[in-house]
Amino acid sequence: MKETKHQLLRAVLLAGAAVLAFPLTAAAQDLKAAMIYVGPVGDAGWTYRHDVARQCIEEQGVETAYVETVPETPDVVNVQNDFLSQGYDMIFATAFGYQPFTQQVAQANPDKHFFGITPTIAPADNILNFYGKLWDGRYLTGLVAGAMTESNKIGFVAAQPIPTVIAGLNAFTLGARAVNPDVTVEVVWTLSWYDPAAEKQAATALVEGGADVIAQHQDTPSAVIGASEKGAWAIGSESDMTAFAPERVLTGTVWDWCPFYSKAVEMVRDGSFAPGEFYGGLDDGTVSLAPLNSAVPADVATQVKDAQAAIIAGELDYWAGPIVSNEGNEVVAAGATLGIADINGMNWLVEGVSGSLPN
Amino acid sequence: MIGIPSFRLEPRLEAGRPSGQALQVLSGAVLAFVLGALFLIVTGEDVLVAYGALLRGSFGSVNALSGTLNKAVPIGLCALGIAFAYRARLWNIGAEGQLYMGAFGAAGVGLHLPADTSAVIALPLALAAGMLAGAAWALVAALLKAYRGVNEILTTLMLNYIAILWVGYLVNGPWSDPLVFSFPYSAAVIPGAQIGKLFFGVHAGLVVLCLMAVLLIVIDRSSRIGYELRLAGDAPRAALYGGINQRKLVLIGLGGAGLLAGLAGAIEISGATLRLQSGLSPGYGFMAILVAWIAQGRPLAILLASVLYAALLNGGFALQVSGVPPAIGTILQAVLLLSVFAATTFGTYRLRRVPTGSLAT
């Protein structure tokens, strides 16, 4: 009986010691990060990629929570205020249209940290907006497409004519024509981020028009599926779409927000946070390529690898002039190049693109 | 056939007293929360956490309360309009589109007046433009109804999509702000066209909502048109024999509904989003149909119901913040809403057991 009492006491003491020790080991866990999503986490595209990043920082000891399908209206203010009332320190507001509302809350809570999507239209001292240099990845996929096409006609299924899509299309075309100057890239605008039927139909129509490689900037793999069913090569976007047509997917660009989310957590933890804009890219893994199809010849694979290394090292700048638009205007003069601000205002299509910007 | 007992809903003959009706709504609310709690227990969620979050997100702080009151404004205004038209049994399913047209009208003024226009001029102009645009949109359906007998439920419903696409066209094209990099937003409206804050985060749209509710009471009680609308609704044959101009009533009923929904859109522009954008309304015009029905068309009850509906919406976000999965939160909202809806329905109807075989109608 006495023995048991002793054991009990020991257990209690041990438990007490564990409780006392816990705050020390948990010191790194006291950060709370909240995510606000514009769509459902099940969209397999934009929102899904952000939720993967949320799980990534949760594994690093950050407590996280999210609210999905929040419209780009004052609801954003309500949701952010509620998060703040629950002790959250960092808010990731992952849609461009949240900015004006995030600004209101950020200005009222100067000791909290906010992260939005660039380009910045509503800045504050505690807002850091982020995005990735997607166009660098598109350039690399363009190299693959240009090497693989036999008809010298490549199709591109594009969502909305906004600068990031336009820049990606132009970079892709520059890449394709760098390895194969005879290539033309025919673009079809679906004018929707989520319209699987239209995306697939656009891909099919492009193949019927003679294209034998179909690339895309859409949230769903529908164009990939449409291209593969017609026997064309496909290039994915947003996430690794290989699984949807393993034989026909050459590669694709893949978003990974984990590097930025981790960096943001680190900045808040060590006090190095600075407002402004952050663009991830090939260097930190924000933008990467899906694995190359085994049908891609080894020399092309090497060329892609070398180009990637050169872009990261700053040795390859495909935006360097002279660049001529497909209307024949010189858009980048010889000796000049483009910065982020120019890319964010891009409203021309490069020579080699067959098609125009919808009004 | 073996005699299985059948039931039938039939209207209550005696009009309930206000106290009795309040009791019904209250019992509906209690039922709603009991059913909601059962649902939460079944799905393994913590009832106290969930209800705590619902309350916190809707009324739990100054910020939450402001958000709820602001959100009640568009819902309440659309609901008042729907109730107004329903006085004459006109179904306005088009409040959403009228709201968008109102936003278009207000933004048109707010974007194109000189930037230093005084609020004394700009704000009334913006609100008036919104009301006119909303009313004009509703009149399309009203004219078709009055002169061609086209069912207004279908026309008002279909006109919604045109209005939403029209605004989408504007913000993607002619009114797109060059400074927002081709995203679907207009520039912000001029400061003079922005409605001020009343207190904390609550904007002055709340005052407009209350004024409009009072106006509807006055129209109901002491105006000829209020009398004619209700007569045409409650006793259409009597109205016909009485020489009431039916066409005029259709135009006024639906036009008034569109005017109020347009006002809601104008206030969203001048008080909430401050710019024209796609996705302006998460469906306020449709929620308002439910609110008008639950409140049985009574103006003061509409005020209350729209605040509670807004509370339910904002509380829903807080549910997610507290870790309740989005799907569970949405179902909980629906359970609460359906229970209140059922309770108010039993306020006007009662179940009567009828012998089998007599159901033939």
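Every number in this text was worked out from the coordinates using simple rules, so none of it is lab data. Nothing here was measured: the structure is a model prediction, and the numbers come from that model. Quick reminder, even Gly has a Cβ in these numbers, built from the backbone with ideal geometry, and neighbours come from all protein chains shown.
Considering only B:Asn160, B:Asn314, B:Asn245, give the residue with the highest GNM mean-square fluctuation for chain B, with springs between Cα atoms whenever their separation is below 10 Å.
Result for chain B, Cα springs under 10 Å: B:Asn245 fluctuates most.
Roughly how far apart, in whole Å, are the Cα centres of segment B:291-345 and segment B:216-253?
Value for the Cα centre distance between the two parts: 32 Å.
Where a ≥ b ≥ c are the square roots of the eigenvalues of the C-alpha gyration tensor, would you call segment A:244-354 rounded, which needs a/c under 1.5, or, failing that, prolate if a/b is larger than b/c, or oblate?
Note, shape of segment A:244-354 comes out oblate.
Once R0 is set to 25 Å, what does the formula 1/(1 + (r/R0)^6) return for the Cβ-Cβ distance between B:Val218 and B:Arg148, expressed as a FRET efficiency to the nearest 0.05?
In this case the efficiency is close to 0.15.
Work the Kirkwood hydrodynamic radius out for segment A:31-132: mean of 1/r over every pair of different alpha-carbon atoms, inverted, in Å.
13.3 Å
Across 5 Å bins from 0, what is the distribution of all Cα-Cα pair distances for segment B:287-350, in whole percents?
4, 17, 25, 23, 15, 10, 5, 2, 0
Which of the listed residues, B:Leu77, B:Leu165, B:Thr348, is farthest toward the dipole's positive end in chain B, when Lys, Arg count +1 and Asp, Glu count -1 at the beta-carbon?
In chain B, that residue is B:Thr348.
Per residue of B:311-322, count partner chain C-beta atoms within 10 Å of its C-beta, then hand back the mean as an integer.
Taking the mean over all residues of the peptide, I get 5.
How much FRET efficiency would the formula 1/(1 + (r/R0)^6) give for B:Phe346 and B:Phe286, where r is the Cβ-Cβ distance and R0 is 25 Å, rounded to 0.05?
The formula returns an efficiency of 0.60 here.
Could I have the simple spin-label model distance between B:Leu198 and A:Phe244, label points 7 Å from Cα toward Cβ, reported in nm to one decimal?
So the label points at B:Leu198 and A:Phe244 sit 4.9 nm apart.
Which of A:Val324, A:Val304, A:Val265 ends up with the largest GNM mean-square fluctuation for chain A, with Cα atoms connected below 10 Å?
Most flexible of the set in this elastic network: A:Val324.
Less than 19 Å apart at the alpha-carbon level, and either on another chain or at least 8 residues along: which aspartates and glutamates does that give for A:Lys133?
A:Asp219, A:Glu238, A:Asp240, A:Asp256, A:Glu277, A:Asp283, A:Asp284, A:Asp306, A:Glu315, A:Asp317, A:Asp342
Express in nm, to one decimal, how much length is gained between B:Arg230 and B:Leu38 on full extension, taking 0.36 nm for each residue of separation and deducting their alpha carbon distance.
Full extension of this stretch gives 65.0 nm more.
Taking H as built 1.01 Å from N, whose amide H comes closer than 5 Å to the amide H of B:Val354, not counting residues under 5 places away?
B:Ser6, B:Phe7, B:Arg8
Tell me, what HN-Hα J-couplings in whole Hz come from the Karplus equation 6.51 cos²θ - 1.76 cosθ + 1.60 at θ = phi - 60° for each residue of segment A:174-179, using x for Gly and Pro?
Here the 3J(HN,Hα) series is 4, x, 4, 6, 5, 9 Hz.
Which of the lysines could be linked to A:Lys153 by a straight reach, that is with a Cα gap under 20 Å, when you skip same-chain ones fewer than 8 residues away?
List returned: A:Lys200, A:Lys230.
Straight-line reach from A:Lys32: which lysines fall under 26 Å, measuring Cα to Cα and dropping same-chain residues less than 8 apart?
A:Lys112, A:Lys263
Tell me, which longest segment in chain A has none of the GluC sites (Glu not before Pro) that fall in DSSP loops with at most 15 further Cβ atoms within 10 Å?
A:1-149
So if I place +1 on the C-beta of Lys and Arg and -1 on the C-beta of Asp and Glu, and nothing else carries charge, what would the dipole magnitude of the protein assembly as shown be about its Cα centre? I want it in debye, nearest 20.
With Lys and Arg at +1 and Asp and Glu at -1, about 4200 debye.
If we count other beta carbons within 10 Å of each Cβ, what is the order of B:Thr117, A:Thr141, A:Thr47, A:Thr337, fewest first?
With the fewest neighbours first, B:Thr117, A:Thr141, A:Thr47, A:Thr337 line up as A:Thr337, B:Thr117, A:Thr47, A:Thr141.
Between A:Ala227, A:Ala290, A:Ala310, find the one with the highest GNM mean-square fluctuation for chain A; connect C-alpha pairs within less than 10 Å.
A:Ala310
Could you tell me whether segment B:46-323 comes out rounded, prolate or oblate from its Cα gyration tensor? Rule is a ≥ b ≥ c as square roots of the eigenvalues, rounded for a/c under 1.5, then prolate if a/b exceeds b/c, otherwise oblate.
It comes out oblate by the Cα gyration axes.
Just to confirm a number: summing +1 for Lys and Arg and -1 for Asp and Glu over residues other than A:Trp255 whose beta-carbon lies under 9 angstrom from that of A:Trp255, what do you get?
-1
So for chain B, averaging the separation of alpha carbon pairs under 8 Å that are six or more residues apart and normalising by length, what relative contact order in percent results?
Relative contact order here is 38 percent.
Fewest Cβ neighbours within 10 Å first, please rank B:Cys210, A:Cys56 accordingly.
The fewest-first ordering by Cβ neighbours comes to B:Cys210, A:Cys56.
When N is the residue count of chain A, what does its C-alpha Rg come to as a fraction of 2.2 N^0.38 Å?
This ratio for chain A stands at 1.16.
Taking Cα centroids, how far is segment A:78-140 from segment A:290-318 in Å?
Each part reduced to its Cα centre gives a spacing of 33 Å.
Could you please rank B:Val42, A:Val165, placing first whichever residue has the fewest other Cβ atoms within 10 Å of its Cβ?
So the residues, fewest neighbours to most, are B:Val42, A:Val165.
Just the isolated ones, please: cysteines in the protein assembly as shown lacking another cysteine beta carbon under 4.7 angstrom.
Cys with no partner Cβ under 4.7 Å: B:Cys78, B:Cys210.
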